[in-house]
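Some notes on the structure that comes next.
Each reported figure results from applying straightforward, stated rules to the coordinates on display, with no laboratory input. Model, not experiment: these values are computed from the prediction. When we count neighbours, we look across all protein chains shown, and the Cβ atoms used for this are built from the backbone with ideal geometry, even at glycine.
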Amino acid sequence: MQLDELYRRVIMDHYQRPRNRGKLDGHDGIQIELNNPTCGDRIELQLKLDDGRVEAIRFDGEGCSISLASASMMTEAVKGKDVQEALELAQHFYQLVQGHPPDGVDLGDLEALHGVSKFPARIKCATLAWKAMEQALRETAQGNAGK
Amino acid sequence: MNEDVRRQFPILAQEVNGHRLVYLDNAATSQKPQAVIDAIRHYYEAYNSNVHRGVHTLGNKATEAYEGAREEVRRFINARHASEIVFNRGTTAGLNLVARGLAEQWIRSGDEILITQMEHHSNLIPWQQAAKRAGAVLKYVPLQADGTIQLDDVERMMSPRTKVVAMAHVSNVLGTVHPIREIAAIAHRHGAVMVVDGAQSVPHMPVDVQELDCDFLAFSGHKMLGPTGIGVLYGKLEWLKRLEPVEFGGEMIDFVELYDSTWKEPPWKFEGGTPNIAGAIGLAAAVRFLESLGMEAVHRHEQQLVNYALERLRKVEGIELYGPKERAGIVTFNLAGIHPHDVATVLDTEGVAVRAGHHCAQPLMKWLGVTATARASFYLYNTEEDVDRLVEALIRAKEFFGHAIG
């Protein structure tokens, strides 16, 4: 088991210089807070849809390098995607970190997180932000359906 | 403790990630000596049978071993009677039984329950629930900056309404050792019951319930070289007689009629259903193992180790150590700028097993102002070399993250 397999350069870069960290200005979208109760990691996610696409997304919170880097990479990955694409990407990401990378799908930088699959205790760290994103999109979809 | 002791733990002989295993997660669970593994195996191979009801030979043997285990545990904590030893699943089960029973039979609306903010969740949530059930008020003894409490504060928190004082003997995070004998005396002077979470003390130091004069003491077999799924609730006989059982069924009854039943005497009235017979036998083997070394010697060994560890760790740049100077064999810490999960992962690649997280003590984490910490906890088979390996691995973690980040 090599540390470099887990802590790839691109992951450490996102950990060190997180993208889309903080709060949205004059936020009128949806906000989700999720915790990982086993380790105390916490993520706050703000997300705004425009015409069914993720127009703006920001995260904040506390956590280990894997959870924060994964959150940062997630925000980059879903920005501009429509709800369906973002939800599908989340499924592909879960497969990746559980050691079953989806066939024929290019996950770009996210693939750097595949090493997490060899560290079972850390899979939840990697998926926390993605679960928050999924929940945010589903709640938004429900909210819209109710309108 | 020497190499001969260590050799009796087969699991410690292995390599993890190419390094000799250094197991420093003993506050979570301990490893098992061959004698314990053999005792369990022998039970299943030679006399597995249910207890207290067989007329046949195996049934008698199993009953003898199970009740023999009770007597060995009695001797180990110096209880007056074997009937004061209730076998159950573990500390959590014991504390829940006491909290539930006292909430129904002892605590009244407007009464007070006194605990501390450094309790393990298993000695905190049962009291939250008991307070809700009985309409009582949960109160907290204030903590000093170093994670100790002061007897004056305990005294000051007592009132005529205080019915229960519940406290860990040793904090599972800070290693703080509370003066239970003095606290029990205060509790009793005010007419309160003293309940002790002994999960982190009974495995590591001599514990004499008559000397402590606590009313209840709960602990777990798996943290003291025994198997998982077996634990002990000690209760003074008058209290065990008074408390109602919380589980009803086979094994715990005297007479069952259509509309009412009567219970056996303690401890059996608290042991409904087929008990963990193999667990009790394994625990008795663990007790004999500990007694053969002597609890004084075990304690001394861990004191030397923790002092050595504190001395070495203090010199690691960027480390923050939590907890008092005088403590049990537990060291909780953080490395500046590195999340404890990342620390634990790096340590694991070096073959060093520690715990990272909130250690089932979220209110304490809040008090410390952190979301998580790393924790190294020692036992009789650990050595100074293990401490050295821990320190080396921490330096490696700093290098790795310093390099990766810088």
Burial ordering of B:Glu326, B:Glu257, fewest other beta-carbon atoms within 10 Å first: B:Glu257, B:Glu326
42 Å tail of the calculated P(r), chain B, as % of Cα pairs: 15 percent
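Taking the convex hull of the Cα atoms, report for the protein assembly as shown its projected area averaged over all directions, in nm². Before the final figure, lay out the partial values.
Working: hull surface 123.1 nm².
Mean projected area for the protein assembly as shown: 30.8 nm², to one decimal.
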Whole-Hz couplings from phi, Karplus 6.51/-1.76/1.60, listed for segment A:87-100; x for Gly and Pro: 5, 5, 4, 4, 4, 4, 5, 4, 4, 4, 6, 8, x, 10
Within straight-line cross-link reach of B:Lys315, lysines at Cα separation under 22 Å, skipping those fewer than 8 residues along the same chain: B:Lys325, B:Lys398
Amide H within-cut-off set for B:Ala199, under 5 Å, with H built and near neighbours excluded: B:His169
Whole-Hz ³J(HN,Hα) from phi, Karplus 6.51 cos²θ - 1.76 cosθ + 1.60, for segment B:12-22, glycine and proline x: 6, 7, 7, 9, 10, 6, x, 10, 4, 4, 10
Note, ³J(HN,Hα) from phi for segment A:16-21, Karplus 6.51, -1.76, 1.60, rounded to Hz, x at Gly and Pro: 6, 10, x, 8, 6, 8
Euclidean distance of C-alpha centroids, segment B:308-346 and segment B:8-80, integer Å: 33 Å
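Rounded to the nearest 0.05, what FRET efficiency is calculated for B:Gln144 and B:Glu211 with R0 set to 41 Å and r the Cβ-Cβ distance? Don't jump to the answer; show the numbers that get you there.
Details: r = 25 Å, r/R0 = 0.61.
The formula returns an efficiency of 0.95 here.
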log10 of Debye I(q)/I(0), alpha-carbon scatterers only, for segment B:294-405 at 0.19, 0.20 Å⁻¹: -1.00, -1.10
In nm, spacing of pseudo-spin labels at A:Arg17 and B:Asn48 (7 Å Cα→C-beta vector): 6.2 nm
Helix B:125-134 axis, angle to chain B major axis (alpha carbon atoms, nearest 10°): 40 degrees
Helix-only mean residue ellipticity at 222 nm for the protein assembly as shown, each DSSP H run of n ≥ 4 adding -39500 (n - 2.57), per residue, nearest 500: -12500 deg cm²/dmol
Neighbourhood net charge (10 Å Cβ-Cβ; Lys/Arg +1, Asp/Glu -1) for B:Thr383: -3
Acute angle (nearest 10 degrees) that the helix B:57-77 long axis makes with the longest principal axis of chain B, alpha-carbon atoms: 60 degrees
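Order by neighbour count: A:His100, B:His341, B:His178, fewest other Cβ atoms within 10 Å first, most last. Don't jump to the answer; show the numbers that get you there.
Details: A:His100 12, B:His341 26, B:His178 22.
If I rank by nearby Cβ atoms, fewest first, I get A:His100, B:His178, B:His341.
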Listed residues A:Met12, A:Met74, A:Met133, most fluctuating in chain A (Gaussian network, C-alpha, under 10 Å): A:Met12
Proximal lysines to A:Lys48, defined as alpha-carbon separation beneath 26 angstrom and excluding residues fewer than eight positions away on the same chain: A:Lys23, A:Lys79, A:Lys81, A:Lys124, A:Lys131, A:Lys147
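Rank these for me by crowding, A:Glu88, B:Glu119, going from fewest to most other beta carbons within 10 Å.
Details: A:Glu88 14, B:Glu119 25.
Sorted ascending by nearby Cβ count, the order is A:Glu88, B:Glu119.
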FRET E, pair B:Arg312, B:Arg288, Förster distance 45 Å, beta-carbon r, rounded to 0.05: 0.85
0 to 90° range, to nearest 10: angle between helix B:295-314 axis and chain B longest Cα axis: 30 degrees
Listed residues B:His204, B:His120, B:His339, most fluctuating in chain B (Gaussian network, C-alpha, under 10 Å): B:His339
Calculated on alpha-carbon atoms, Rg and Dmax of chain A in Å: 14.6, 51
